Amino acid sequence: MSAQTAPGADPNPSARGGRRRRLVQILLTLAIGAAGAAIGLLLVPATKVEIGPLSASVHLKPSLNSETAILLPPVGEVLFDTHVAPVRVEARVQGVDIAAAEELLFSDAALAELEATAPEAVTSAAARNAVLSAVLAAAGASLAVGLTFRRVRRTVVAGASSVAVVGASVAAAGLTFSPQALYQPKFDGLLSQATYVADIGSGTLTDYNSYRETLAEFVGQVSALYIAADSLPVGRNAENLITVLHVSDIHDNPQAYDVIAQLEAQFEVELVIDTGDIVSWGTSYENELISAIGRIDAPYVFVSGNHDGAGASGAVAAQPNGIVLDNEVETIAGLTIAGIGDPRFAADDDSDAGGWREGEAAVTASAFQLGDTITAHDEQNPEDPVDLALFHDPRLPEGLLGRVPLVLSGHMHTSDVELDREGSGTDWLTVGSTGGALASGGVAPVLEGDDPLDLTARMLYFDSETHELVAYDDIVMGGLGLVSVSIQRTQMPTEHPELVIPEDAETPEEPIPSEQVVEPGEGLPDEERVTPTDPISPTSEASDGGEG
């Protein structure tokens, strides 16, 4: 007579225990196989490839950062957010044929050949590296499982699973690859840090001049590498673009002119635009620094800022390539540009802090004057409307909204981009200080042990036929005591809203005060410009900080 199972007891305890053991074995096999595959992947060598003048190697690595990286030792790397898969594709530049690189930069035929052959070369190298990764991952997983369990079936399954995982990851990277991402590279790098802190004081001028030369040379080298990397996947047809360099708030920093000259040469700049505060105190000594503009080949278009007196504007206009706009419109390098100077002068600080605000009405009136000038020009020249406007202070925009597709500003010492500002269809781009606000508070952080202000500029690319802005590069360089560069490209939206003047941005009915009317090309005399004063100490010439 068979024994009866007690109520509530497991009818088949041995079977349940067997399932648990099998589950543990499966999990253990997976863990050991994954570890073996990981070791195998670490042993995968890079695949060498020739890409035009560059000798490079391609390496696929498992990573949570789904990106393509072009490594440029020793200066840094260019990153592209190209796909969605746990794979990082690395292309490391190991050598550069200088003669071939120079031919690439100056020969359309060499660039066309590179554009035709580079994608296949890189893709082929990546495919070979992927196959090698799958083989070594499978070998590592099979060897680890085989030595642990000594079971042929488990060994085969581990190897096949590793091949499947690697293949699926590579396939996912290929299927989700976005060519559009190649239009928005980001370069980051750090060449070195100076062993001193420059403070422009006695005994440090030599060091500072040396640093200026070092940074300018480094920017030139990095720019050349950046152009080469940018040209590999997508190319850049310079014939269809107008390249413009936007700078602002140099504040007496001679280093800014070195950087401008390097960027002009490397990016083939056709026009430099400066939105003001080229000096800080309006002295004759400062105006002498402006002669550096004459060494720049491209036209240099300038509107005065609140620190620039008539002497500074005159010094710019006296340069062979200098063009000063003051409530007028000119066509330069194929672009129709309007500009007006800031109606304030010698205001150490006209920020909101402390009550320094008596210049706001004048700034608002100035914007409406330029807006009316633009409207009148467009009505008289419907086939050649204004493409962009230059205005120093971006905080009071009403007079320009909806009247022009693009406005460039400075003043804030930090960069900003406002597309379709207040629904007007006007894009407003503000660039930071190209001089690191040197003579307007830029040295203070260094003396206090903090990081210096960055030197910033922006490269603008306009379609040569439509005159629309199609892309821009934000260029950020380390300030005093640092040698670093970051370049970030951004594509503009393909669809652009129509220009519409907001209801609260219509030209006021009351006339602009006669003393603030800017005659085209003449500007306001310094003594008639607004000079905000400290409400607590009206004679004070000091400031508490803020924009300049």
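Taking every alpha-carbon pair within the stretch 251-349, the share separated by more than 23 Å comes to 21 percent.
Could you tally the net charge around G371, taking each other residue with its Cβ under 12 Å from the Cβ of G371, Lys/Arg +1 and Asp/Glu -1? Present the calculation step by step, with values, prior to reporting the outcome.
Numbers: positive: R403; negative: D372, D378, E398, E506.
Charge balance near G371 sits at -3.
Sorting the segments 425-434, 26-35 by their mean number of nearby beta carbons within 10 angstrom, highest to lowest, gives 425-434, 26-35.
Any idea of T176's accessible area? Nearest 10 Å², probe 1.4 Å. That residue has around 60 Å² of solvent-accessible surface.
Quick one: net charge of I32's neighbours, Cβ under 15 Å, K/R +1, D/E -1? Working shown, then result.
Values: positive: R150, R151, R153, R154; negative: none.
After counting each charged neighbour, the total is +4.
Between K48 and Q488, the distance separating the two model label sites (each 7 Å from Cα on the Cα→Cβ line) works out to 3.8 nm. Averaged per residue, the stretch 378-436 has 31 square angstrom of accessible surface, using a 1.4 angstrom probe with ligands and nucleic acids left out. Does anything in the stretch 31-74 have its amide N under 14 Å from the 7 Å Cα→Cβ label point of T117, and if so which residues? Zone members listed by number: 49-56.
What does the charge count around S66 come to, taking other residues whose C-beta lies under 10 Å from its C-beta (Lys +1, Arg +1, Asp -1, Glu -1)? Can you show the working numbers first?
On the way: positive: R88; negative: E67, D81.
So the surrounding residues net to -1.
Short to long, the 5 Å bins of the Cα pair-distance histogram for the stretch 285-422 hold 2, 10, 19, 20, 21, 15, 9, 3, 1, 0 percent of all pairs.
Provide D342, D504 ordered by accessible surface of protein heavy atoms (probe 1.4 Å), highest first. Don't skip to the end; give the middle numbers.
Values: D342 10, D504 110 Å².
Correct descending sequence by accessible area is D504, D342.
The values are calculated or read from the model by the stated rules, or taken from the named source; none is laboratory data. Since the structure is predicted, the reported quantities are computational estimates derived from the model, not experimental observations. Glycine also receives a Cβ, built like all others from the backbone with ideal geometry; neighbour counts cover every protein chain displayed. Note: accessible area is taken over every heavy atom of the protein model, side chains too, but ligands, DNA and RNA are not part of it. Shrake-Rupley method; radii C 1.70, N 1.55, O 1.52, S 1.80 Å.
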